[in-house]
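Participant: Please read through the structure below; I'll follow up with questions.
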Amino acid sequence: MWIHYKLALSVFYMARLWHFSVFETPTHFYIVGSDVSKTRYRMLKIGRLGVQTLDVSEVGESYSKSDIMELLATVSEGSSIVLTQNEKQSAGVDRRKGLIERASDAFGLLGTIRFLEGYYLLVVTKARVVAIIGYHEIYKIEEVILIPLAMQGIPVNNPDELRYLKLFQSVDLSTDFYFAYVYDLSRTLQENSLEISGWSNYKQAGSSEARQFFPDSKFIWNGYLLEPLRKSAVSEQWFIEVVHGYVGQQIIELPCSRLSLILIGRRSVEYAGTRYLKRGANFKGQVANDVETEQIIWDTRSSPNFKNGKFSSFVQRRGSVPLIWSQDPATRGVVGKPIISIDINEPHAQTAAAHFRELRRKYGNPLIVMNLVKRRENRKHETPLHDQFLKAVKYLNMFLPKAERIAYLCFDVARCHKTGNVLSKLEEIGLRCVIRHGWFQSFPLLYCRKLRPTSLLNDFEPLLSSDGRFLLQHGIFRTNCVDCLDRTNVAQFGIGKVSLGLQLYSMGVVGEPLLSSSSEVCRIYEDLMDQHGNTLALQYAGSQLVHSIKTYKKISVIQ
């Protein structure tokens, strides 16, 4: 089914290269790329003589399969035999004869990198589809090879070069890195849908500047690796842009619908790092453990086209408290936890201001902050962090118009858990917040929902696109605790569950806007959120969640 979709769309994707092969000669590397249907080919030539500079250029424009084979034969000095690395070694063929095939039917180019000597080329050789959004497949990288481009190969006589190379190879690029050929994974479904529909730019609610539709460099992890190729004027069709985080998908079978539920966690590349090494924020307002989480619903019985199909999404954000603070693992305070230190006390909250300014630019208003850091403790550990954050938000709100003020919510998960109603309380909070934000939907509110509105949505004022085609989300719900792991994940689950019910109700899939905690849809969503939380915890802290959603799960008041 999906192969037919790809073939049907190949006419639109002619500019995109999907399949790659890398060939080596003594003086050059030749990379051959083809479109999705393997009918149009292009060639990239990389010189091997220079060490300090990258000598790369595109050969010609477009070739047929027979043309590209003839060109390869010409390159190999008249020999039409293409040898693989293993065949070359087993046959004892001289290196100067023919082409050596270093990679066959690869998935994409991650970019190039240079340490002290020559450049290296990074090629994705194995990947698998982990999710499908409409026509678009999302791939998870499973294997990347590093090809030295210099004539001498890896400079074994330079110990510093080998040390840097070993450090770089210690980054496991086969773990939680994702890409798509045509769909921009760095952006939300709302942003991608608006661009596909012909909106060159639009203004978010409460934002004075128009949003341009460009890939979001904050979530692109190989941007630095692509810079040398871009500076050499290599066209974008050769590249894949990679996001890091989590992508999961589950199919939900309902009596009248077949739904695809996709959960995407995009980890920011800015101020990235592991727990204790990266805490709080830098002076630009970029925070540690910054992840944008998006839940997408697609009714697969509708069109896979974003313009005509039934799609819906809701976006949340998590990130460390946007202050200059740290924790030194060498110190041990309350119950063995490293002491939280406010390193710089900013009376004018410059760091928090920069952080919220960026959130408003991207998402618009309202900005709602849920701070899960404890505000009351017998022995103070987290409390000073809570107090400083609240102080910063109050200060910023003094200078903001009422419509743009930051809504600050404090919620003590541990204290509430003792009464056994964590999720029900989160759902109550979530209902008020989601109604303020709205959610994205690729079609207007159904007429039947207008005729029979539910009392829960009395205060809901949908924001529609100027042509009335899309229901838009505006603003963002931002959650944090100290680590932005266990407590944050359960809070995001509670908010996301409320949004999921409203999304399904708005799409006409369910008859009531609130999901039962015992429903199959809720169970599947909980599993995805647990996987999402465990994956993010492994990336940031090196271990899975200590407390899963089930830890906090009780029979909710809202059924």
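The values are calculated or read from the model by the stated rules, or taken from the named source; none is laboratory data. In this text the structure is predicted, and so the values were computed from the model without any measurement. Virtual Cβ from ideal backbone geometry, glycine too; neighbours counted across all protein chains shown.
Participant: Quick check: is even one residue across segment 323-334 in a loop (DSSP other than H, G, I, E, B) and farther than 25 Å from residue 380 by Cα? Let's see the steps before the verdict.
Facilitator: Let us first name the residues in segment 323-334 that are in a loop (DSSP other than H, G, I, E, B), namely 323-324, 328-333.
Filter once more, so that each one left must be farther than 25 Å from residue 380 by Cα: none.
Checking segment 323-334: not a single residue is in a loop (DSSP other than H, G, I, E, B) and farther than 25 Å from residue 380 by Cα.
Participant: Still on this structure, I have one more. Going through segment 296-345 one residue at a time, which ones are more than 30 Å from residue 131 (Cα to Cα) and either under 23 Å from the mean Cα position of the chain (by Cα) or among the charged types (D, E, K, R) (or both)?
Facilitator: As a first pass, look at segment 296-345 and keep what is more than 30 Å from residue 131 (Cα to Cα): 321-345.
Listed by number, the residues that qualify are 321, 322, 328, 332, 337, 343.
Participant: Take residue 143 and decide whether it is modelled with pLDDT of 95 or more, closer than 20 Å to residue 223 by Cα, surrounded by 13 or more Cβ atoms within 10 Å (Cβ to Cβ) and of a type in the set (Asp, Glu). Write out each step before concluding.
Facilitator: Details: modelled with pLDDT of 95 or more: yes; closer than 20 Å to residue 223 by Cα: yes; surrounded by 13 or more Cβ atoms within 10 Å (Cβ to Cβ): yes; of a type in the set (Asp, Glu): yes.
It is true that residue 143 is modelled with pLDDT of 95 or more, closer than 20 Å to residue 223 by Cα, surrounded by 13 or more Cβ atoms within 10 Å (Cβ to Cβ) and of a type in the set (Asp, Glu).
Participant: Restricting the search to segment 68-82, which residues are surrounded by 13 or more Cβ atoms within 10 Å (Cβ to Cβ) and at pLDDT 80 or above? Give the steps one after another, and end with the answer.
Facilitator: Of the residues in segment 68-82, the ones surrounded by 13 or more Cβ atoms within 10 Å (Cβ to Cβ) are 68-73, 75-76, 79, 82.
Selection gives 68, 69, 70, 71, 72, 73, 75.
Participant: Of all residues in segment 120-139 being buried (at least 23 other Cβ atoms within 10 Å of the Cβ) and more than 19 Å from residue 265 (Cα to Cα), which is farthest from the chain's Cα centre (by Cα)?
Facilitator: Here the answer is 121.
Participant: I'm trying to understand the selection: among the residues of segment 280-309, which are basic (Lys, Arg) and either at pLDDT 95 or above or part of a strand (DSSP E or B) (or both)? Before you say what the answer is, go through the steps one by one.
Facilitator: Narrowing segment 280-309 to residues basic (Lys, Arg): 284, 301, 307.
The one that is basic (Lys, Arg) and either at pLDDT 95 or above or part of a strand (DSSP E or B) (or both): 284.
Participant: Go through the residues of segment 499-506 one by one and say whether even a single one is in a loop (DSSP other than H, G, I, E, B) and either at positive phi or out of contact with any His (no Cβ under 7 Å at 6 or more places or on another chain) (or both). Walk me through it before giving the result.
Facilitator: Of the residues in segment 499-506, the ones in a loop (DSSP other than H, G, I, E, B) are none.
No, segment 499-506 has no match at all.
Participant: Of the conditions (1) without any contact (Cβ under 8 Å) to a residue 60 or more places away in the chain; (2) in a strand (DSSP E or B), residue 516 fails just one. Which one is it?
Facilitator: If we test residue 516 against (1) without any contact (Cβ under 8 Å) to a residue 60 or more places away in the chain; (2) in a strand (DSSP E or B), just (2) comes out false.
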